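Read the figures in this text as sums done on the coordinates, not as results from a lab. In this text the structure is predicted, and so the values were computed from the model without any measurement. Neighbour counts run over all protein chains shown; Cβ positions are idealised from the backbone, glycine included.
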Amino acid sequence: MLFENDPEFATAPAQNVTIYVPIHTKLNPSSLRISDFGFGRFNFSVPPNTSVYTNRLDVRDSLGVFVDITAGLDVTNRRAFWIFQSIDPATGLAATLPANTGFLPVNDSLKHNGEGYVTFSLLPLSNSQTQDTISARASIIFDVEEIIATNLWKNTIDAGVPQSKVKPMAAEAQVRSFNVTWEGADDAQGVGIREYSLYVSENGGVFSLYKSGLTTTSTQFTGAVGNTYGFFTLATDHVGNQEAMKSKADVSVKILAETGLPLRWLFFKGKPTVEGVYLSWATVWEVNTDHFVIERSLDGKHFTDLGKITAAGESRETRNYQYLDVEALQLKTNVLYYRLVQVDKDGIRSHSSIISVQLIPGGPEPTVKAYPNPFKQNLTLEFVNLTPTAERDQVILYSADGKSLYKKSLKNANGSTILLDELPVLPRGVYVLRVSIQDKQYTFRMIRE
């Protein structure tokens, strides 16, 4: 609520200002809370949850007075009130102040020293309904002048609480970190959701707050292998209505031992350039990784180390790496084979798939695409520059834990597309499709929706 010692009417500073705000019948008077206030260039903070406020403000250096303020609830007249009274520092009395002295000067258009404000909050009664309207017109008294009525202010009540729920997830996870997503909505004609809080329980224990103030509908969670975690969310709308506390999880997820084969490697490929063989690879996620060793072979069986690339260590994002084999073009061979050795910080080593790189051009290399992604039941493989396929060429679909679910030979594959319409019935989740053609492997991360 704003007030002003209007220069059109005032000729001297105001010594006393009294403000009354009637409380609408749809509001709860006992919920009145006095908040911050100010005048001129001064702003004053009021402690939270204050229903009655009294204080003596020392503004002698600037205005030459003390200001006593009293604010609270007038129960008899069902109204909130604020009383500002200038006090003579010499006597401690209001009556001895000179007429040209007061806490609120006549307002000016540059510094606005003759303006002030008060703030407060009130809650609707429990029987209020969303879209009920409330109104208020404050009364202001400057010294002994006549009452000045403010403009009529109207508000619309949002009485309902929002609802939210964590979206379904796979009951088991192969990674320690994953996204938890949820959805929510305010009551019909409500003001909308302001934020969410995510609660988590471990192995059936008590729920605790994991994150608050979330303004999006997803966040990353990191847990421990072997534990089961339950999740629920609470939504809060823009007027502070909060969803009731829950006693059980919307979704529970058990974290199994992490496996690297199907999901760790996003791709590994190489191509000849004028500088040498350019190798590139990417990982979907990494846990406890230290470095990669690049290995090369002339026959695909016996490998030698070429170099080392430092790994991300801990990552839940796609990480890209590169290496240039500058000695490759000096070797007297038409084909080179490469593989990567991933070394964890505890010394555990694991290998990528082996790729071959044709050094002497033999026509454009085949490319493979898999779609749709996400898919519902069937998949299509699309080939470009495909030469006759052999017995060893095949496509395999893996589950997230590396289990082979489907295999199809690509021998004598004809045409530019192949329909995989014999897939088993699959639950929703992440799968890995691996296509092996002409000693090259193409890996795709597929999502069953």
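Cross-link pairs exceeding 21 Å in C-alpha to C-alpha distance, out of 301/345; 165/248; 301/407; 407/440, comprise 301/345; 301/407.
In this structure the amide hydrogen of residue 167, modeled in the peptide plane, comes within under 5 Å of the amide hydrogens of 181, 182, 183, none closer than 5 places in sequence on its chain.
Residue by residue, the stretch 392-408 carries 3J(HN,Hα) couplings of 7, 6, 7, 10, 10, 10, 10, 7, 5, 9, x, 7, 6, 10, 7, 9, 9 Hz when phi is fed to the Karplus relation 6.51 cos²θ - 1.76 cosθ + 1.60 (θ = phi - 60°); x denotes Gly or Pro.
Between the residues 120, 163, 419, the greatest Cα displacement towards the positive end of the dipole of the chain, with unit charges on the Cβ of Lys, Arg, Asp and Glu, is found for 419.
Our note on the geometry: Cα centres of the stretch 315-376 and the stretch 388-449, 18 Å apart.
Its residue count N fixes a reference of 2.2 N^0.38 Å for the stretch 265-358, and the Cα radius of gyration divided by that reference is 1.07.
Per-residue packing, averaged as other Cβ atoms within 10 Å, sorts the ranges 293-302, 144-153 into the order 293-302, 144-153, beginning with the highest. Entry note, the chain: relative contact order of 10 percent, from Cα contacts under 8 Å with a spacing of 6+ residues. Counted residue by residue at 0.36 nm each, then reduced by the alpha carbon distance between them, the extension gain from residue 409 to residue 45 reaches 123.5 nm. Dividing the convex hull volume of the alpha-carbon atoms in the stretch 187-273 by its residue count gives 174 Å³ per residue. Among 400, 188, 12, whose mean-square fluctuation peaks in a Gaussian network model of the chain (Cα, cutoff 10 Å)? Top of the fluctuation ranking is 12.
Multiplying the residue separation of residue 416 and residue 369 by 0.36 nm and removing their Cα-Cα distance gives an extension gain of 15.9 nm. Measuring r between the beta carbons of residue 217 and residue 112 and using R0 = 45 Å, the FRET efficiency lands at 0.60. Among the aspartates and glutamates, select those whose C-alpha is under 13 Å from the C-alpha of residue 26, and discard any that sit fewer than 8 residues away in the same chain. Straight-distance partners of residue 26: 132, 158.
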